[in-house]
Every structure is written in structure tokens, then in C-alpha cells.
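Structure record follows, encoded as C-alpha cells.
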Amino acid sequence: MSWRALRAQTLEEIRMTLEQGERLLVTFVIPILGLVLFSSVPIISTGTAHRVDFFAPSVLGLAVISTAMVNLSISTGFERGWGVLKRLGATPLGSSTLLVAKVLAVLAVELVQVVVLGAIAAGLGWHPHAGAGLAVGAELLGTVAFSGIGFLLAGTLRAEVTLALANGLYVVMLGISGIMFPIAKLGGFAAVARLLPSAALTDVLHPSLGGGAVPVEGWVVLAAWAVAAPIVAAAAFRFD
Amino acid sequence: MPAIEVEALEVSFGSVTAVDGVTFSGEAGEVLALIGPNGAGKTTTVETLEGYRRPTRGTVRVLGLDPVADHHALVPSIGVMLQQGGTYPVMSPERAIRLFASYYDDPRDPDELLDLAGLREVAKRPAKRLSGGERQRLSLALALVGRPRVAFLDEPTAGVDPAGRIVVREIVAALRDGGACVLLTTHELAEAERLADRVVIVDRGRVVAAGRPAELVTTGEEIRFAAPTGIDVVALGTALGASVVEVGPGEYQVAVAATPAAVAALTAWLAAEDLPLADLRAGRQSLEDAFLRLTSRDAHHEPEPPR
């Protein structure tokens with residue numbers, strides 16, 4: 001593996017994410033709007049003292065879903081459709097290094113998201129609890145899980161189908177994963193929803209950043225997705 | 001060591017045999033054209049050499065290496081132009097060439113490549129806003145970035161206007177003069193004749209002829225005639241002292257110079273056998289004649305292999 005090629009490709013992947021409007025919409029605009037809107041306007045009751053204490057961890061989870069799953073799968077899916085993945089496979093960069101560059105770019109964009117969203121949340125009066133270390137671990141585990149799901153979609157389906165499915169999953173996860181409202185409000189359905197990687201991620205993020213006991217179940221579900229999704233993706237991924 | 005070696009290559013996709021026993025080789029400093037109708041197996045053959053597909057049977061070697069097993073060792077030395085796609089629509093030619101240059105240890109100068117491919121004026125325009133011909137030339141430029149010793153160009157002139165074709169021809173000639181082996185595919189005979197030192201004509205997965213374009217076109221060394229199908233070509237061949245082949249139903253080719261004596265011997269034999277003679281031709285053919293003769297068929301074309 002050439003480090004020079006990996007570095008150049010990673011920078012190019014970051015640049016392509018940050019310069020295209022439709023990709024910025026899902027990675028920055030929607031999480032920021034969600035954070036500001038829901039934290040400021042009492043639309044949904046959150047059960048926390050300050051609304052932002054609930055929505056800040058929520059959008060930090062949403063940031064991972066939007067970048068590692070939605071943005072990664074759609075861009076990779078279209079690049080596969082355009083023959084770019086195939087073509088780069090015949091260069092010294094190589095197809096596996098290309099996928100590594102994509103994951104590194106996801107991590108870099110997430111870092112920017114965390115800084116931006118964290119700053120906005122702080123501006124809205126958010127004081128994170130000291131357990132930020134756990135939150136970082138959850139974000140990394142979530143990145144692995146959602147990148148695996150993203151690659152699985154992109155590497156097996158037509159680009160247009162990946163686009164539709166990734167956006168559909170995004171909306172479903174946004175709705176029932178403890179992002180827009182506490183998952184307990186789902187009643188009996190909450191146990192099923194908690195099997196989603198998105199719900200597991202927010203299950204860990206909310207207590208980590210809000211002060212409270214982090215449920216073991218959340219870690220287990222998140223870790224299971226982080227192991228299974230990349231393995232299945234690696235087995236099923238097609239470059240052309 | 002030949003730059004490219006294809007030995008008894010067979011590639012099947014399920015029950016469809018796309019390549020069925022193809023053998024040829026290419027040397028450094030040589031331009032080789034694979035020509036044939038759509039579905040003949042050209043792209044499948046090239047993609048096997050590029051390492052995208054494994055042979056079902058037979059072997060392929062590029063610079064002595066196995067394109068799949070020795071992929072990492074080989075890729076720095078090859079340049080690839082896919083039949084379609086392979087470029088980022090959002091990326092301008094300049095940005096794409098610079099990105100590709102970062103993949104190689106000793107890349108060519110991106111500015112020089114922009115000029116060479118005639119892309120200077122559109123250097124900063126996203127690829128999605130380039131014309132078809134400009135995109136083809138970008139794809140060609142990207143195949144040159146790593147100073148390839150073997151270049152695989154799949155349909156390099158498809159959709160390229162006449163001015164662009166001259167650019168492509170000059171680039172191919174420069175690659176050859178620099179000592180590279182160039183394998184290109186085309187279904188346009190005129191392009192093959194202009195671009196290639198040698199052509200390999202493939203049809204339905206098999207090589208039907210190979211040689212310098214001049215050899216394939218101008219044999220005067222043959223007589224062609226039409227007669228009822230199924231005549232005894234062995235007996236006729238013995239009588240004429242030359243091989244006779246039924247190249248199509250009722251269409252025959254005699255490998256002998258079209259001298260008056262040879263023509264007389266042929267007509268005498270047919271007369272003795274009481275066979276009607278429908279058509280008799282001798283002398284020069286165009287490459288198109290040769291191609292149509294070699295690839296004509298009543299059967300439908302094989303479907304394109306799944307991509």
C-alpha cells in the first residue's frame with residue numbers, strides 16, 4: 001500500500017464530500033437544523049431538564065449515520081456505477097486502499113461534524129457530562145457498523161436503489177432510534193427498535209454524555225453490528 | 001518475453017462461453033488491434049488481461065506476470081482505458097489527472113498530458129460537462145499517467161470526432177515509439193488499419209484471422225468462387241495442388257495465386273464434376289471484405305457477457 005496514494009485519495013474523498021451540496025445537506029444541514037429546531041421549540045417532550053441535553057447526543061449519533069451510512073453508500077454506489085471503483089482497481093492505489101481512504105474520510109468529516117454540532121449545542125446551553133470517552137468509543141464503533149452497512153448497500157445494489165434505500169433507512173432510523181424522542185415512548189415496540197444499530201448508538205450516547213448508567217445491551221448490539229456488517233459487506237462487495 | 005501472452009484462453013459466464021480458445025501475443029513497441037463484431041469476446045479478453053476476470057481455462061500473462069495473482073506487481077506497469085466510464089463526473093480533467101498522478105511513483109507531468117490529450121481548454125470543467133469525445137480523451141490521458149509499458153485501450157475512438165481521432169492516433173503512435181505494447185479493441189476496420197501494426201480478428205469467442213492489415217487485405221494469393229454447398233474440397237485441393245476451404249455455405253476459397261492456369265484448372269475440375277459455378281473472384285480484397293467474410297454468419301450473435 002502506498003501511503004502517498006492513500007493520503008491523496010483520502011483528501012480527495014474529503015473534498016468531494018464537503019464541496020457537493022447534496023452531500024452537505026445530509027451530513028451537516030439536516031443534523032444542524034434538527035439540533036437547533038428541536039432544542040429551541042418545544043415540539044417533542046424529551047424528559048430532560050434542558051431540551052438540548054437530549055438533542056445534542058441525538059444529533060451526534062445522527063451525524064455518524066448520515067456520514068458513514070447515507071453519504072458513504074450513495075457516493076460509493078454511484079462511483080461503482082460509473083466504473084470508477086473498477087478503474088481505480090487497475091491503478092497502484094488499488095480497490096482495498098480506496099475503501100480505506102473512504103473510511104478515513106468519513107472519520108475526518110465526522111470530526112468536523114462533532115466540532116460544529118458540539119459548538120452549536122454549547123451555544124444552546126448544552127453541558128456535556130464528563131463521560132465523553134465512552135461517547136467517542138460509541139461513535140467509532142458506530143462508524144464501523146454504519147460503514148459496513150453503507151458498503152453492503154453500495155457494493156451489491158444499483159446506485160439508484162442504494163440511494164433510495166439509504167435515504168429510506170435514514171428516515172426510519174431518525175424516527176425510531178431515540179433520536180427525535182426518547183425510545184421508551186415506543187412502548188412495547190422499543191425492545192425491537194433497540195436492535196437497530198442507530199438505537200444502540202443513541203442508547204450509549206445519551207447516558208454517556210448526559211450522566212447515567214450506560215446499558216450493556218446498547219454496547220452489545222452496537223458491537224455486533226460493527227462486527228457483522230463489515231464482514232458481510234466484504235464478502236458481498238462487487239467492484240463492477 | 002512477449003509483453004502480452006494469451007494462450008488457449010477460455011472465459012465462460014455460466015453457460016455462455018464468451019471467449020473460446022483465443023491465442024495471440026504482443027511485443028513491446030507494437031500496436032495490436034482486436035477487431036470483431038459486438039459480442040465477439042474482445043472486451044472479455046482485454047478484461048482478463050487487465051486482471052478483472054479469471055480465465056476459465058488457458059493462461060494469460062502480461063510482462064510475464066499473472067494479472068490476478070501478481071496484480072500488485074503488475075498494476076504500476078499497465079494503463080487501462082475502460083470501454084465506458086471510469087472517471088468521476090464531478091472532477092475536472094486537471095484534478096483527475098493530478099489525482100491519478102499521486103498513485104504512481106514516477107508519473108508523467110499532468111500539464112503535459114492535458115496538452116497531449118487536447119484537454120487544455122476544458123482542463124477545469126467537470127467531466128460531466130465534457131463532450132463524449134473529450135471524456136474519451138480524458139480516459140485515455142488517465143491511462144498514460146503512470147508511463148505504462150502495456151496499455152489496454154478498449155474502444156479508444158468510440159464517439160470521438162475526426163479531430164479527436166487524430167489525437168488518439170498520435171498518442172497511440174507515441175506510446176509504441178516509446179516502447180510500450182498497446183492492445184486496443186475496435187469494431188471499426190478503418191481505425192484498426194490506421195492504428196495497428198497487427199490485427200487479430202475475433203468472432204464468437206474465436207480468433208478467425210491474425211496478421212498485419214496488409215497481409216489480411218491484399219492477398220492476390222487466392223481465388224474465391226461460389227458453387228453448391230458441400231463439394232469435395234479435399235479432391236479439389238489435390239487437383240489444384242492448394243488448400244480449398246468452404247468459408248461459408250457454398251462459398252469457397254482456394255489458397256493459390258489467381259493465374260490463368262489455376263483458374264483454368266479450377267473450372268475444368270468443376271466441369272468434370274458437372275458442378276455449376278455461380279461466382280468467381282480473384283485478387284485484392286479490402287480489409288472489410290476479409291472481415292465480413294471471416295465473421296459472416298447466419299446464426300445470431302452471442303449475447304454480451306454479463307458485466
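Computed values, structure above
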read-out	value
Of all residues making up the range B:195-227, the number that are surrounded by fewer than 18 Cβ atoms within 10 Å (Cβ to Cβ) and under 24 Å from residue B:146 (Cα atoms)	1
Listing of helices (runs of 4 or more DSSP H) fully contained in the range A:1-48 that carry 3 or more residues being within 14 Å of chain B (Cβ to nearest Cβ) and more than 18 Å from the chain's Cα centre (by Cα)	A:3-19
Residue in the range A:170-193 that is within 24 Å of residue A:82 (Cβ to Cβ) and touching a residue at least 40 places away in the same chain (Cβ under 8 Å) present	yes
Residues located in the range A:180-233, provided they are part of a loop (DSSP other than H, G, I, E, B) and among the aliphatic types (A, V, I, L, M)	A:180, A:195, A:196, A:213, A:214
Tally of residues being in contact (Cβ under 8 Å) with a residue 40 or more places away in the chain and outside any strand (DSSP E or B) across the range B:192-204	6
Counted residues, the range A:122-146 - those being in contact with a Leu (Cβ under 6 Å, 6 or more places away or on another chain) and either part of a helix (DSSP H, G or I) or small (Gly, Ala, Ser) (or both)	4
Residue B:22 vs. criteria under 19 Å from the mean Cα position of the chain (by Cα), over 26 Å from residue A:93 (Cβ atoms) and open to solvent by less than 10 Å² (accessible area, probe 1.4 Å)	yes
Residue in the range A:4-25 that is at pLDDT below 90 and open to solvent by 50 Å² or more (accessible area, probe 1.4 Å) present	no
Matching residues, the range B:79-104, being aliphatic (A, V, I, L, M), more than 7 Å from chain A (Cβ to nearest Cβ) and touching a Ser or Thr at 6+ places or on another chain (Cβ under 9 Å)	B:81, B:96
Residue check, residue B:224 assigned by TED's automatic domain parsing to the domain that holds residue B:172, more than 30 Å from residue A:239 (Cα to Cα) and at pLDDT 80 or above	no
Selected residue (criterion: nearest to the other protein chains (Cβ to nearest Cβ)) from residues of the range B:117-133 that are closer than 29 Å to residue B:44 by Cα and touching a residue at least 40 places away in the same chain (Cβ under 8 Å)	B:127
Subset of the range B:147-194 (residues that are within 14 Å of another protein chain (Cβ to nearest Cβ) and either open to solvent by less than 10 Å² (accessible area, probe 1.4 Å) or among the acidic types (Asp, Glu) (or both))	B:150, B:151, B:152, B:153, B:154, B:155, B:183
Some residue of the range B:70-85 being open to solvent by 30 Å² or more (accessible area, probe 1.4 Å), in contact with a Gly (Cβ under 6 Å, 6 or more places away or on another chain), over 26 Å from residue B:177 (Cβ atoms) and of a type outside the set (Asp, Glu)	yes
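The values are calculated or read from the model by the stated rules, or taken from the named source; none is laboratory data. Quantities reported herein were computed from a predicted structural model and do not represent experimental measurements. Because the Cβ atoms are built from the backbone with ideal geometry, glycine has one as well, and the counts that use them run over all protein chains shown. Accessible surface areas use protein heavy atoms only, side chains included; no ligands, DNA or RNA. Shrake-Rupley method; radii C 1.70, N 1.55, O 1.52, S 1.80 Å.
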